[in-house]
Structure formats: structure tokens, C-alpha cells
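Beneath this line is the structure, given in C-alpha cells, with notes to follow.
The values are calculated or read from the model by the stated rules, or taken from the named source; none is laboratory data. Predicted, not measured: the structure shown is a model, and the values here were computed from it. Here Cβ is always computed from backbone atoms with ideal geometry, including for glycine, and neighbour counts include all displayed protein chains.
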Ligand SMILES: Cc1ncc(COP(=O)(O)O)c(C=O)c1O
């Protein structure tokens, strides 16, 4: 039996790796054993503003003093301000926000909104995707987290990914006709009655699969032809992670629904949202929106999110992510060159190094690096190490961390 009176997630309890977090500042967090870690993963991809931000903590305190409990139909300034900020960030086509407590619930409610609006039951998502752990969201999810609980929500059809380094359609760059994108239109025609297509702008935890520039516009056109909604799951990519406010803003497209969480309050409070396009929002003026939550737009979470968004602006954190994106890319390329192998993919401060060996070996990286007096938090999935530091990281911190990571990679895989 594990020593703890609660479950650890996504693991057999005996295999759990407890992390005794005690605090942190900026790009660093501290642990109970006196450790100080450079956080190259923003914990679970949520700490975009960085650790220990006093402004956000104080905003939560002020809100708790003023109004700490609300009802779903309550109206108060932080709720309205947050919705307005999200709409401004998404663009003029978006007119309403539905609040949730996290990312899975955002996708859960996007599923419902799409179904109510279209009257259709089927959905399309990709294999290399994660959309959350609740029944609907995990049914959308394509990765290993879905099969264990199937059958979940019926009617989700999975399609292949924009995985250019190992193209599922067997194409090379020269011969590629963007089959990964056109296939989605083909599948929609064959399936019929598709309500929505759920896509992460850049699949994050499944390997940072940056799509070719035509990908999203092709899928957008296919959705329009099929009468299906296009949902951008920005839970991981939103709030500057890729160097733009939202990931989809790298391409000339407008989704119908945008789901957000993680960076929205940067982990300082539990909040997510669905940002809704005007044409869909209008439908619910005279149709019941059959969705709701007791803790809809909790005051302290709204206050945390508003302050988080102010911090993004004041500290120009999206710009910092855009500026440091090429630095992360250069350092990843350097690591791949040092170990003489690997695919590098990145957009802004979201990067991946995929090697051709099962990465149980990445598990030793923490120890290897600790031995070099620098502990790094890096997310490792199967054959891929993924990098998503807080957007406040400095160039020097990023370079130091990536070089230390390179040393550990050489220790694990050999060569220079
Ligand atoms: C793209 C994406 N969507 C949804 C989720 C689920 O969010 P949450 O864990 O807040 O439910 C995640 C979490 O990792 C995610 O990366």
C-alpha cells in the first residue's frame, strides 16, 4: 500500500512518484527535501506566469474578503471582467463565455453546446490527443488514457495526426498533399452527422505535433462544408504558450468554440471556460442552454484569472514566449546534434525532442541532473521529452536548463 491516504492519478498506487512541493518563484519550484527545480514543464503545463506570483495571491485574498461564495446566476465585477477579457483575446466574432472548473469540463461543455446547436451526436478527434479525463473528454482523447475506460461517450471517431516526422500517410514533405487535414473532411463525409471536430492547435502532451500552415484552414473549410463545428482545445496552448495569445491565431482561421483552462489562472485557481462564437451564442437566446455547475465562475477563481491576464499584459509574457521560442528551438537542435539522433519540434515555448528509443531512460534524467546540482522538471512521454517552461523564464535560465538537459541526454544516450 502507498503511504498516502489519497490516490495518485494515472498510476498504480505503488508506482506513484510523490512530489512534495513547498513553493517557488518565477521559473523555479522548491521541494520538501530542500530541492530547487528549474521548471521546464510549468508543472502540468499550467504555470504560465511562473511560481509564487504575489499579485495573483493578493487578488485572490482581496476577492475572498469581498465576496467568496457565489451562485451560478450571480453577477459580480470579476466574472464580467474575465469574460470580457477572454472575448477580447479571442476576437470580435466571439460574444459569450461559459465558465467551468478546468479543461476536461470545458471540453465536456463544448460537446454539449455543439450537440445542442447542431442536433448531431458524432464527434471527431485525433489519436495523438488529450482532451481531459471525464467521460466525454476522455472519449475524445486519443492517447493511452482512453482505452482503459471504454466504452465512454459513443460516436467519437478518431483520425490520424499531423505527425510529419512519422507521417501516418507515408508521405514525405515533397509529396505531401496535407492528407492528414483532407482526411478529416473525407471522414466527415463518410460518417455523416458530425457535430464537432476537436483539435488541439498543437497537440501538446502527445508530442508537440506542429501542423503545416494549411492544416487548420483545410479543416475549417471541411467543417463548413459538413455543417460541423470546429473546436480549438486551447487548454494547453492558450495564454501565450506558443508565442501567440491562442495557438489557432498562428493560422488564418476562426474556430466556433475555444476551450481553455490551465494558463487561464496559471494554476493559482481552478477555472476553465468555453469561449463561444456569436452564431452559436445567438442560438441560446431562445433555446435552453442545458448546462451548468454549482461552482460556475467561482469568485476567487475569476479574480485569480483576471489578475493572471493582467500579469500577462504587464510583464509582456506572450512576447517573451515569442522571443524565446527560437532560443528553445536552437537549444533543442543542439541537444539532438549532441546525441546524434532525434526529431525536434517546437512552436514558441512549447518544444519536444523525440528519440528513437523507448524513453524509460528519460526517467533517469531527474537524478542525472540532480547529480549535476541542477534539478530539472521535464515531462517525458514514451519516446519524447516535452518542454513548456513558465513564460517568465529568462533566456539565461532557459539556456542553462537546456544545456544541463543536453548533458543528461548524453549521459543517457551517449556521444558528445
Ligand atoms: C489539451 C488539453 N485539453 C484538456 C485537458 C484537461 O484539462 P484538466 O486536466 O484541467 O481537466 C488537458 C490537460 O492536460 C490538455 O492538455
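Computed quantities for the displayed model
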item: Per-region count, the range 296-334, residues touching a strand residue (DSSP E or B) at 6+ places or on another chain (Cβ under 8 Å) and surrounded by fewer than 23 Cβ atoms within 10 Å (Cβ to Cβ); result: 4
item: Residue satisfying condition, being in contact (Cβ under 8 Å) with a residue 24 or more places away in the chain and either part of a loop (DSSP other than H, G, I, E, B) or within 20 Å of residue 111 (Cβ to Cβ) (or both), within set 151, 203, 168; result: 203
item: Single residue of the range 211-239 satisfying the filter (over 24 Å from residue 273 (Cα atoms) and either modelled with pLDDT under 95 or in a loop (DSSP other than H, G, I, E, B) (or both)) that is nearest to the ligand (Cβ to nearest atom); result: 211
item: Residues located in the range 171-190, provided they are in a loop (DSSP other than H, G, I, E, B) and over 18 Å from residue 220 (Cβ atoms); result: 171, 172, 173, 174, 175, 176
item: Answer residue from the range 184-206, given it is over 18 Å from residue 169 (Cβ atoms) and surrounded by fewer than 15 Cβ atoms within 10 Å (Cβ to Cβ) and is farthest from the ligand (Cβ to nearest atom) among those; result: 192
item: Residue ranges of helices (runs of 4 or more DSSP H) in the range 274-360 with at least 1 members at pLDDT below 95 and farther than 26 Å from residue 131 by Cα; result: 317-339
item: Residue check, residue 109 at pLDDT 95 or above and in contact with a strand residue (DSSP E or B) (Cβ under 6 Å, 6 or more places away or on another chain); result: yes
item: Selection count where residues are on the phi > 0 side of the Ramachandran plot and either part of a helix (DSSP H, G or I) or in contact (Cβ under 8 Å) with a residue 60 or more places away in the chain (or both), scope the range 46-100; result: 2
item: All positions within the range 255-278 that are more than 16 Å from the ligand (Cβ to nearest atom) and either surrounded by 17 or more Cβ atoms within 10 Å (Cβ to Cβ) or free of Cβ contacts under 8 Å to residues at least 40 places away in the same chain (or both); result: 256, 276, 277
item: Qualifying residues in the range 107-139 (those that are within 7 Å of the ligand (Cβ to nearest atom) and not in a loop (DSSP other than H, G, I, E, B)) - the one surrounded by the most Cβ atoms within 10 Å (Cβ to Cβ); result: 107
